[in-house]
1. In degrees between 0 and 90, to the nearest 10, how far off the longest principal axis of the chain does helix 63-74 point, with axes built from Cα atoms?
2. Can you compute 3J(HN,Hα) from phi for each residue in region 49-54, using the Karplus curve 6.51 cos²θ - 1.76 cosθ + 1.60 with θ = phi - 60°, rounded to whole Hz and x for Gly and Pro?
3. What whole-number value in Å² describes the accessible area per residue of the chain for a 1.4 Å probe?
4. Determine the relative contact order of region 1-55: mean sequence separation of Cα pairs under 8 Å and six or more apart, normalised by residue count, in whole percent.
5. How many percent of the accessible area of the chain is carbon or sulfur, using a 1.4 Å probe?
6. Can you give the convex hull volume per residue for the Cα atoms of the chain, as a whole number of Å³?
7. L24's amide H: which non-local residues (gap 5+, or another chain) put their own amide H closer than 5 Å, with H modeled 1.01 Å from N in plane and none for Pro or chain starts?
8. Hey, got a sec? Which GluC sites (Glu not before Pro) in region 14-75 land in a DSSP loop and have at most 12 other Cβ atoms within 10 Å?
Amino acid sequence: MEEKILELLAEIDEGILSYDGDDLFEAGLLDSFQVIELVEMLEENFDMEIDAEHVVAENFATKEAILELMRRLLA
């Protein structure tokens, strides 16, 4: 699961994988349109639906936050 998520993040922007900061949005590596694209990719690849309540900045601020969100949703 984690490897596939990292592949999808790289499709959005490879810089996400090496970013060590705490805000992908501030770093210019992710914007709201890309979050929507990523959510669609995650839903399609994992055959699931991510409710809008989970699509908040905190859940997409870092690659670790995205991985943790998916771990929770897929548990």
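1. Tilt relative to the chain: about 10 degrees.
2. 10, 9, 5, 4, 4, 8
3. 61
4. 29
5. The computed percentage sits at 46.
6. In the chain, the Cα hull volume divided by residue count equals 80 Å³.
7. For L24, the qualifying residues are T62.
8. E14, E26, E49
The values are calculated or read from the model by the stated rules, or taken from the named source; none is laboratory data. Here the structure is a predicted model, which means the values were calculated and not measured. Methodologically, a virtual Cβ is constructed for each residue, glycine included, from the backbone with ideal geometry; neighbour enumeration extends over all protein chains shown. The area values use the complete protein model at the heavy-atom level, side chains included, leaving out ligands, DNA and RNA. Shrake-Rupley method; radii C 1.70, N 1.55, O 1.52, S 1.80 Å.
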